[in-house]
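Asks: The structure's right below; bear with me while I get my questions together.
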Amino acid sequence: MLKGLVGLVTGGASGLGRGTAEYLIKQGGRIVICDLPNSKGHEVAKSMGENAAFVPVDVTSESDVKNALQATVDKFGRLDVAVNCAGVLHGALTYNFKKNEAYNLEAFQRVVNINLIGSFNVIRLAAGLIGKNAPDADGQRGVIVNTASIAAFEGQKGQAAYSASKGAIVGMTLPIARDLSSQGIRVVTIAPGFYSTPMTSSLEKKVGDSLISANQFPKRAGRVEEYAMLVQHIIQNTMLNGETIRLDAALRLP
């Protein structure tokens, strides 16, 4: 159980973020849901009861994230855990020779800006608040959990931007864990395989079916609560730090 824990979850209005927020609240946590102003964040938070609150946030905005952190303190008094689930998916060839067209640079920059820089923006600012907590018996003050993807390791054709953004999250996990270790803040990244979320629903059915068929076991899409269960374990297992954990049914992208 996580009674009394205070968490902040980006991308919390849908998909992995919503599933994590719901799960942690059921375990006794109190959660601030962060998502875009045009999301269903208010509705989602209301459905979770008094232990949930919504703050509209663009993760690439310093002022938005600072506002969310202040709202967390105002509502719940502190912050113990930050979970980065906000992200976007985009696919295009580096150069499409049939169309004589290069990858749109603004599209590439947008993916990196949201997935990578947005995650780091939350990490760097949340760490300052988590670091104010009183340490527990191990000297721990809190935990930061990031979301990468198995595309960080085996990006498919057309995934240059997405893989770059997720690979960078994997790459910065250990150095950030080292940076924050003196303050007793752990940093762990999860690399999911194919999960059933609103983001993956934008993929063609045949693409999703092919990914599921490549799972070794089980032969199905991952469920958001399975991601959330790992977040809970990371929170509770103090020895997990500076690591990226694949959660992928042994899927290896072709």
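Asks: For the stretch 1-76, what is the convex hull volume of the alpha-carbon atoms per residue, in Å³?
Replies: Per residue, the Cα convex hull of the stretch 1-76 comes to 72 Å³.
Asks: Another question, then. Can you compute the equivalent ellipsoid semi-axes for the chain, i.e. the square root of 5 times each eigenvalue of the Cα gyration tensor, sorted largest first and rounded to whole Å?
Replies: Each semi-axis is √(5λ); the values are 30, 19, 18 Å.
Asks: State to the nearest 20 debye the size of the charge dipole of the chain about its Cα centre, where the only charges are +1 on K and R beta carbons and -1 on D and E beta carbons.
Replies: Rounded to the nearest 20 debye, it is 340 debye.
Asks: Further question: Between helix 224-236 and the chain, what is the angle of the helix's C-alpha long axis to the longest principal axis, kept within 0 to 90° and rounded to the nearest 10?
Replies: 40 degrees
Asks: Show the residues, 5+ positions off or on another chain, whose built amide H is closer than 5 Å to the amide H of Arg246.
Replies: It is Ala191, by chain and number.
Asks: Suppose R0 equals 35 Å; then what is the FRET efficiency for Leu174 and Lys205 from their Cβ-Cβ distance, rounded to the nearest 0.05?
Replies: 0.40
Asks: About the Cα centre of the stretch 1-124, what is the dipole size in debye to 20, counting +1 per Lys and Arg Cβ and -1 per Asp and Glu Cβ, all else neutral?
Replies: 240 debye
Asks: I would also like to ask the following. May I ask you to order 27-38, 10-21 by the average number of other C-beta atoms within 10 Å around their residues, highest value first?
Replies: 10-21, 27-38
Asks: Straight-line reach only, C-alpha to C-alpha below 18 angstrom: list the aspartates and glutamates that Lys26 could link to, leaving out same-chain residues fewer than 8 apart.
Replies: Once the sequence-local aspartates and glutamates are set aside, what remains near Lys26 is Glu43, Glu50, Asp80, Glu225, Glu226.
Asks: Tally Lys/Arg at +1 and Asp/Glu at -1 over every other residue whose Cβ is under 12 Å from the Cβ of Pro56; what's the total?
Replies: Value of the local net charge: -2.
Asks: Could you work out the helix-only [θ] at 222 nm for the chain, with each DSSP H run of four or more residues adding -39,500 (n - 2.57) and the total divided by the number of residues, to the nearest 500 deg cm²/dmol?
Replies: -12500 deg cm²/dmol
Asks: Determine ³J(HN,Hα), in whole Hz, for all residues of the stretch 105-112 in sequence, where each value follows from phi through the Karplus function 6.51 cos²θ - 1.76 cosθ + 1.60 and θ = phi - 60°; x replaces Gly and Pro.
Replies: 5, 5, 5, 4, 4, 5, 4, 5
Asks: Within the stretch 161-175, find all residues whose amide N lies under 19 Å from a label point positioned 7 Å from the Cα of Val112 along Cα-to-beta-carbon.
Replies: Residues passing the 19 Å test: 161-173.
Asks: Another one. Rg and Dmax of the stretch 127-219, using alpha carbons, in Å: what are they?
Replies: When restricted to Cα atoms, the stretch 127-219 yields Rg and Dmax of 17.1, 50 Å.
Asks: Next question. Please list the non-local residues whose amide H lies under 5 Å from the amide H of Gly222, H modeled 1.01 Å from N, same-chain partners needing a gap of 5 or more.
Replies: Amide H neighbours of Gly222: Phe194, Tyr195, Ser196.
Asks: Sticking with this one: Have a look at Lys98, Lys26, Lys157 and tell me which one the Gaussian network model of the chain (Cα, springs below 10 Å) gives the largest fluctuation.
Replies: Result: Lys98 has the largest fluctuation of those listed.
Just so you know, all these numbers are worked out from the coordinates, no wet-lab data involved. Bear in mind that the values here come from a model prediction, so they are computed numbers and not experimental data. Quick reminder, even Gly has a Cβ in these numbers, built from the backbone with ideal geometry, and neighbours come from all protein chains shown.
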